Structures are given as structure tokens and as C-alpha cells.
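Single-structure report; data block below.
Laboratory data are not the source of any read-out in this text; all were calculated from the coordinates shown. This is a predicted model, so every value here is computed, not measured. Backbone-built Cβ (ideal geometry, glycine too); neighbour counts: all protein chains shown.
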Amino acid sequence: MSAAHHVCVVDDDQSVRVALASLLRSFEYEVETFESGTDVLRWLAYNRTACIVSDLQMPGLSGLQMYQGMLDMGIRTPLVLITAYPTAGVEAKALSMGVRAFLTKPVSGSVLEMHVQNAIAAQG
């Protein structure tokens, strides 16, 4: 699997995970899905990906807590956060931490694709 075309999707809602994974696969990304921030952090300890698309609010670790865990591990993989409950304060914090995009659900496919492409391109 080419890490350059690999995206991880993290969402506690299975239907959202499946929909996001299907959408990203339609853009020819290889996709790995996770239902929690803890699961993706375990996976990242041994694997690499080009970008992570994650829900903000999840049981256990939030998307921001997961990202802080990545940073603490020295992992600088770009993160695109998606939330149904956006607030200016959380968005400002996310962007100040280095999150690549802060999107509101429902997200259009073309907007998500653009942000994932931009996040991956910025890494290269």
C-alpha cells in the first residue's frame, strides 16, 4: 500500500465511517477506518498514512485529543476535522494546533476531496 494515497477515517458512527470511506475510495484513495481515536493512535504507532479525516466529537478521545496524541508521538500527518457542532473557539484551537481543515457536517464530496488533496500536497 502506498502511504501517499492512503487516508484514515476516524468516526464513532459506523454509517459515517462507511460513507466517508466509500467517498474517498471513489477518489482512488486507499482507506483504513477506525471507530476511535485510540484505535488510530495504536495503528499509527506502526503504520503511516497521507492524511486523516476524523470526527471531532467521539467517546473517549475527541478528534483534537487524538491529534494531540499524534503530535506527542512525533506524528505530523495532516488532519481534516469534521464536526456537526462547530464553534469558533474550537475551530481556532484546532487550526492553531496545525489541523489542516475544520469542516462542518454534512460535508460535500468535492470540498472533502479538495481539503484532503491540499493536506497531502502540503506534506510533499
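For the range 10-108, chymotrypsin sites (Phe, Trp or Tyr not before Pro) meeting the loop criterion (DSSP other than H, G, I, E, B) and having at most 14 other Cβ atoms within 10 Å: 46.
Relative contact order for the chain: 23 percent, from Cα pairs under 8 Å spaced at least 6 residues apart, divided by residue count. Evaluated with a Cβ-only charge set (Lys, Arg +1; Asp, Glu -1), the chain carries a dipole of roughly 280 debye about its Cα centre, given to the nearest 20. Tell me whether the chain comes out rounded, prolate or oblate; compute the Cα gyration tensor, take square roots of the eigenvalues as a ≥ b ≥ c, and use a/c under 1.5 as the rounded threshold. Rounded, since a/c falls under 1.5. Each of the trypsin sites (Lys or Arg not before Pro) that DSSP puts in a loop and that has at most 16 other Cβ atoms within 10 Å breaks the chain; the longest unbroken stretch is 77-124.
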